[in-house]
1. Return the calculated 222 nm mean residue ellipticity for the chain, to the nearest 500 deg cm²/dmol, obtained by summing -39500 (n - 2.57) across DSSP H runs with n ≥ 4 and dividing by the residue count.
2. With axes computed from alpha carbons, what is the tilt in degrees of helix 35-64 against the longest principal axis of the chain, rounded to the nearest 10 within 0 to 90?
3. Rounded if a/c is under 1.5, else prolate if a/b is larger than b/c, else oblate: which is the chain, with a ≥ b ≥ c the root eigenvalues of its Cα gyration tensor?
4. Once the Cα atoms of helix 2-30 and of the chain are each reduced to a long axis, what angle between those two axes, in degrees from 0 to 90 to the nearest 10, is obtained?
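What follows is calculated from the coordinates using simple rules that are stated; it is not laboratory data. Note that this is a predicted model, so its numbers are computed, not measured.
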Amino acid sequence: MTVAVALLTTALVIVIALLAATGAGKLARMDGATYPTALTRAATAFAAVITLAAAVAGALATLLG
């Protein structure tokens, strides 16, 4: 049961990160950025979401463990 919850949570975090990256890339293109710049902004947003999720998970593990 615990493994299933961990896998589902990981999948949800990745989907949210991909949605944030897609939004950042689209907004960058709408702002007139080139494709490489938009891709860089999307990658930065993806990395930020993953980093934030890892930090929150670490903090929760410390508090609950």
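1. For the chain, the value works out to -32500 deg cm²/dmol.
2. 20 degrees
3. It is prolate, given that a/c is not under 1.5 and a/b is the larger ratio.
4. Result, in degrees: 20.
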